[in-house]
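**Q** For reference, the structure I am asking about is given below.
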Amino acid sequence: MAVESLRSWLPVEVAQWVSERAADEPWWEQMLLNALALAGTGGARAVGNIGPDIVRLVLPGGEEVGLVVLVQPVDTHPMGHPEDVQRLVEALGSTFGSRRYVLYIRRRVPSGLDPAPIARAVRLWLSAVDSGEWEGRHAVYEDENVAIELTLAGHGERQGSSLLLCVGPVRALERLTALDARLVDLIDRHKTEAAGLPLVYCVGATQPSRVPRGYLQQLLYGTADWVHAQNVEWEYSASFSHSGRSLFGDPGCTTMASIWWLEPLPCGGFSSVALDNPWCKPRVSIPIEGTRFSTVETEQDDPSSVLRWSAPRPSCWSKER
């Protein structure tokens, strides 16, 4: 089903609510429609809304689930504006000469950066390396605006840039920590509004965020008791014990049924990854399409749960569906 056509079959009160909120949050509307399209692959349909955040869904078996959409802003240029980064790279390139080097930009390059002081510091460092006063081939430059690391990778005939590799800030853990705090705050608020209704929280990234699945697993389930993985058809399963140190295991998060992670794709649609909560009460699951980490064997009173990734495959819910 085309994402745009969802507007036409939404209940009147839900469509009006979406329209009013979308005036100030266009990204939220797009992510909500994407999430509803995904929910529809599992037979769920919207029947109303609860408060300012929750869409009430009904499953084919008659169970009800709430859907909450969070927009996760992702910086288009995490290293900094391309012109500022290029100015830094050019200044470093003229300093390194024929030496090959690797650049790690730990913090976003500020707008309007003057790279001259950095180049002077690097020149002094290279002189110390040449004279034997500096041990090793790695150095860190940091001031109130800039934080970079440099690694020498030998000499060579200079053909093009002397920069071998440039790595940007690693912000996955930072984003997940902020998301964790945001989810806990929302869950606490929704306890009263939803009155025990199982809730699916859909996190929609505005740009591809490249958050590793392992990071999501650690945040939601904690450390696995055991893991089984093999490359034949990409089989991966793991067992987790119920623990209050994970988000899903938190006693205050028992109504959180699942986390859906959506990211835009070049095709005009989006990719989806779903991670189900094996300790949700009441236990509920929407059998959506796409890549999913779901329970394969769990006794009702067993504190441990075994979950398995579905075989990963492209999930492009485009305008033509």
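**Q** First select every other residue whose beta carbon is under 10 angstrom from the beta carbon of Pro169; then total the charges, Lys and Arg +1, Asp and Glu -1.
**A** +2
**Q** Sticking with this structure for a sec: Cut-off 10 angstrom, C-alpha nodes, Gaussian network model of the chain. Which of Ala195, Ala37, Ala172 fluctuates the most?
**A** Looking only at Ala195, Ala37, Ala172, the largest GNM fluctuation is found for Ala195.
**Q** Further question: How long are the semi-axes of the equivalent ellipsoid of segment 194-251, defined as square roots of 5 times the Cα gyration tensor eigenvalues? Whole Å, largest first.
**A** Equivalent ellipsoid semi-axes, largest first: 23, 19, 11 Å.
**Q** Using the Cα centre as the reference, give the magnitude of the dipole from point charges on the C-beta atoms of the chain (Lys, Arg: +1; Asp, Glu: -1; all else neutral), rounded to the nearest 20 debye.
**A** 520 debye
**Q** Taking the Cα centre of the chain as the origin and placing charges on Cβ (Lys, Arg +1; Asp, Glu -1), which of Gly40, Val146, Ser239 is farthest toward the positive end of the dipole?
**A** Value computed over the given set: Val146.
**Q** When each pair of different Cα atoms in the chain is counted once in the 1/r mean, what is the Kirkwood radius in angstroms, to one decimal?
**A** It works out to 22.5 Å.
**Q** Oh, and also: Take the chain, connect every pair of alpha-carbon atoms lying under 10 Å apart with a spring to form a Gaussian network, then pick out the residue of Asp225, Asp276, Asp53 with the largest mean-square fluctuation.
**A** Maximum among the listed residues: Asp225.
**Q** Would you compute, from DSSP H runs of 4+ residues alone, the mean residue ellipticity of the chain at 222 nm, taking -39500 (n - 2.57) per run and dividing by the full residue count, rounded to the nearest 500?
**A** Here the helix-only value at 222 nm equals -9000 deg cm²/dmol.
**Q** Can you give me the distance in nm between label points at Arg308 and Ala229, each placed 7 Å from the Cα along the Cα-to-Cβ direction?
**A** According to this spin-label approximation, the distance is 1.7 nm.
**Q** For segment 168-244, which GluC sites (Glu not before Pro) are in a loop by DSSP, counting at most 12 other Cβ atoms within 10 Å?
**A** Glu233
**Q** With a Förster radius of 51 Å, plug the Cβ-Cβ distance of Ile50 and Val170 into 1/(1 + (r/R0)^6) and report the FRET value to the nearest 0.05.
**A** 0.85
**Q** Give a residue-ordered list of calculated ³J(HN,Hα) values for segment 199-205 (Karplus: 6.51 cos²θ - 1.76 cosθ + 1.60, θ = phi - 60°; whole Hz; x for Gly, Pro).
**A** Going residue by residue, I get 10, 9, 9, 9, 9, x, 7 Hz, with x marking Gly and Pro.
**Q** Once the Cβ-Cβ distance between Glu25 and Glu289 is put in as r, and R0 is 25 Å, what FRET efficiency do you end up with, to the nearest 0.05?
**A** 0.40
**Q** Next question. Using the 10 angstrom Cβ neighbour count as an exposure proxy, how do Tyr101, Tyr141 rank, fewest first?
**A** Lowest count first: Tyr141, Tyr101.
**Q** Compute for segment 82-167: radius of gyration divided by Kirkwood radius, i.e. Rg/Rh, restricted to C-alpha atoms, rounded to two decimals.
**A** Using only Cα positions, Rg/Rh for segment 82-167 is 0.94.
**Q** With a Förster radius of 35 Å, plug the Cβ-Cβ distance of Gln207 and Val102 into 1/(1 + (r/R0)^6) and report the FRET value to the nearest 0.05.
**A** 0.90
**Q** Between Asp188, Asp130, Asp250, where does the largest GNM mean-square fluctuation fall for the chain, given springs only between Cα atoms within less than 10 Å?
**A** In the Gaussian network model the winner is Asp130.
Read-outs: derived from the displayed coordinates by stated rules, not from any lab. Predicted model, so just to flag it, every value in this text is computed and none were measured. Cβ coordinates were reconstructed from backbone atoms using ideal geometry, including for glycine residues, and neighbour counts include every protein chain displayed.
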